[in-house]
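The values are calculated or read from the model by the stated rules, or taken from the named source; none is laboratory data. As the structure is a prediction and not an experimental result, all values here were calculated from the model. We place every Cβ from the backbone using ideal geometry, glycine too, and count neighbours over all the protein chains shown. Each accessible area value is taken on the protein alone, full model and side chains, heavy atoms only, with ligands, DNA and RNA left out. Shrake-Rupley method; radii C 1.70, N 1.55, O 1.52, S 1.80 Å.
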Amino acid sequence: MEPTRDEVRTALMDLIEGRRPREEIASWAACTMLALEDVQFSDEMAWDFLMAMTGVDIRTAPETYLYDDDDFRSWLAELA
């Protein structure tokens, strides 16, 4: 079953508020995408953000991530 926008929003809020680690969110997004790779996603925007969330744990330097809370807030605004 594909994740809903609400599930994607919740995952983003979990990132912003520090309730779940980045690695957990990235893993959830990647596993979900792999499980659904042969399924036509009905909500393309949710799929796009799920794809982006597979990279929330990517670092550009030892202490710096590719995406930050400002990115996550921007994604939330787009999902509204």
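Structure above, values below:
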{"item": "Qualifying position, being among the polar types (S, T, N, Q) and buried (at least 18 other Cβ atoms within 10 Å of the Cβ), among THR4, THR32", "result": "THR32"}
{"item": "Answer from MET53, MET45 - the residue that is surrounded by 11 or more Cβ atoms within 10 Å (Cβ to Cβ) and over 10 Å from the mean Cα position of the chain (by Cα)", "result": "MET45"}
{"item": "Failed condition for MET45, given (1) at pLDDT below 95; (2) in contact with a strand residue (DSSP E or B) (Cβ under 8 Å, 6 or more places away or on another chain)", "result": "(2)"}
{"item": "ARG9 being open to solvent by 40 Å² or more (accessible area, probe 1.4 Å), of a type outside the set (Asp, Glu), touching a residue at least 60 places away in the same chain (Cβ under 8 Å) and in contact with a helix residue (DSSP H, G or I) (Cβ under 8 Å, 6 or more places away or on another chain)", "result": "yes"}
{"item": "Segment 19-36 residues that are under 15 Å from ASP57 (Cβ atoms), paired with ones that are crowded, with 16+ Cβ neighbours inside 10 Å and polar (S, T, N, Q) (beta carbon under 6 Å, 6 or more apart)", "result": "ALA26/THR54; ALA29/THR54; ALA30/THR54"}
